[in-house]
Amino acid sequence: MEDLKKYIYSNVISVFWSSFLLLGGGIFVLYYARIGYMPDFDLKSSVAITAAAAVTSVVITAILLSMMILPGAFWGGFWKQIGGKSKVKRYWCECGSEAAFFRLLVWFSLPLVSIYLAILLFSLIGWFSLAFPVVVFLCFWFYLLVWSDFGVWESLKEWSILSLANLVAALLLFLPLSLIYGLSIEKSHYLEFPSWFSAALAAAFIVFTNVAAAAPQENPNPMLKNFALGASALFVVFWVFGKFDRIPVVVMSMYKFGGVEVSELVLDKEGCELSQSLGIDVLSTDYDICIIENVLILSRLGREAYLKIDQGESGILKFTVASSDVVSWTRRDNQKDEN
């Protein structure tokens, strides 16, 4: 163990770079395990590609982890920074950690839940759904006015600060909830629960995690706690939707290494002959090329390109062509570029 520590300390850069390349290689392995195909691709010789995948995956993961606990982290930091300017925080700060957690279920999570419940019910009952958060916020003011030692103006001041913190936290909660919504509308063969149940379960855990993040920090360095909470929330979100491959898919699609939906794929003569032999409809031209429409390029790295075509009643066809046979591919967007 001592020799291992000495080696790591004396070769920090080499260990760091090797770990980075290992992470990048893991991204490729996870993606290709998902599509059930491994190209003839040497990761060691493609250091730039592997490093780009590693850097991107680390950045995306860091952003997602921050999103998961951002509302709770903001809430805890807000009341810590405001210091003695507000007295309302005594209801959850001046008590034990366990009592603070349960009190934050009311002071912190209840307004957030009421806001998004109103948004959810808006399409069903219209503007009347806005009554939920209005009643909840007014109940807080009524409590501060009647059951506290605040006067009328002081209770209004404390209620205004509390409402502002809740509204900002609710706005920040939109980020993880938008991720949940995006995953819920995607088709997945690994989904163990109905999409609505998975979304509700993930959203409830996100709120629970942020309540824990908003609780007063006894540890002077809360970074480790927030990292653990964010990682737990991200794990649960990916688990309920069966989307553990989400980050590799995003990285591969971002750099167009794979998962690229193209409108037109242009092949040379050899690629055209192969496609026609497989019964694929091709658009012939006056040149020694042809065009295949609506193709999903699962992988374009290595010596072969792995393609997927939906042939309707005939089913899904997956096949490979030599990378040299792919002349070009085109993506068409319905929206015009305004720049």
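The values are calculated or read from the model by the stated rules, or taken from the named source; none is laboratory data. All values reported here derive from a predicted model rather than from experimental measurement. Every residue, glycine among them, receives a Cβ derived from its backbone with ideal geometry; neighbour counts consider all protein chains shown. When the accessible area is computed, the model is the full protein with side chains, heavy atoms only, and any ligands, DNA or RNA have been set aside. Shrake-Rupley method; radii C 1.70, N 1.55, O 1.52, S 1.80 Å.
Within the range 110-141, how many residues turn out to be open to solvent by less than 50 Å² (accessible area, probe 1.4 Å) and of a type in the set (S, T, N, Q)?
Total meeting the criteria: 2.
Taking only the range 179-196 into account, find how many residues are at pLDDT 90 or above, open to solvent by 20 Å² or more (accessible area, probe 1.4 Å) and in contact with a helix residue (DSSP H, G or I) (Cβ under 9 Å, 6 or more places away or on another chain).
2
Just to be sure, is residue 95 assigned to a loop (DSSP other than H, G, I, E, B) and either at pLDDT 95 or above or open to solvent by 30 Å² or more (accessible area, probe 1.4 Å) (or both)?
Values: assigned to a loop (DSSP other than H, G, I, E, B): yes; either at pLDDT 95 or above or open to solvent by 30 Å² or more (accessible area, probe 1.4 Å) (or both): yes.
Criteria met by residue 95.
Using beta carbons and a limit of 6 Å, which pairs, at least six apart or on different chains, have the first residue in the range 241-258 and open to solvent by less than 30 Å² (accessible area, probe 1.4 Å) and the second one among the polar types (S, T, N, Q) and assigned to a helix (DSSP H, G or I)?
Hits for this filter: 241/198; 247/57; 251/56; 251/57.
Which condition number in (1) under 21 Å from residue 41 (Cβ atoms); (2) among the small types (Gly, Ala, Ser); (3) touching a residue at least 40 places away in the same chain (Cβ under 8 Å); (4) in a strand (DSSP E or B) is the one that residue 263 fails?
Condition (1) is where residue 263 drops out.
Within the range 129-153, count every residue that is touching a residue at least 40 places away in the same chain (Cβ under 8 Å), more than 20 Å from residue 114 (Cβ to Cβ) and part of a helix (DSSP H, G or I).
0
Looking at residue 35, is it under 27 Å from residue 307 (Cβ atoms), touching a strand residue (DSSP E or B) at 6+ places or on another chain (Cβ under 6 Å) and at pLDDT 85 or above?
Details: under 27 Å from residue 307 (Cβ atoms): yes; touching a strand residue (DSSP E or B) at 6+ places or on another chain (Cβ under 6 Å): yes; at pLDDT 85 or above: yes.
For residue 35, the condition - under 27 Å from residue 307 (Cβ atoms), touching a strand residue (DSSP E or B) at 6+ places or on another chain (Cβ under 6 Å) and at pLDDT 85 or above - is met.
Kindly indicate which of 211, 207, 168 is β-branched (Val, Ile, Thr), within 18 Å of residue 230 (Cβ to Cβ) and more than 17 Å from the chain's Cα centre (by Cα). So that I can check it myself, show each step before the final result.
Values: 207 fails: more than 17 Å from the chain's Cα centre (by Cα); 168 fails: within 18 Å of residue 230 (Cβ to Cβ).
Going through 211, 207, 168 in turn, just one is β-branched (Val, Ile, Thr), within 18 Å of residue 230 (Cβ to Cβ) and more than 17 Å from the chain's Cα centre (by Cα): 211.
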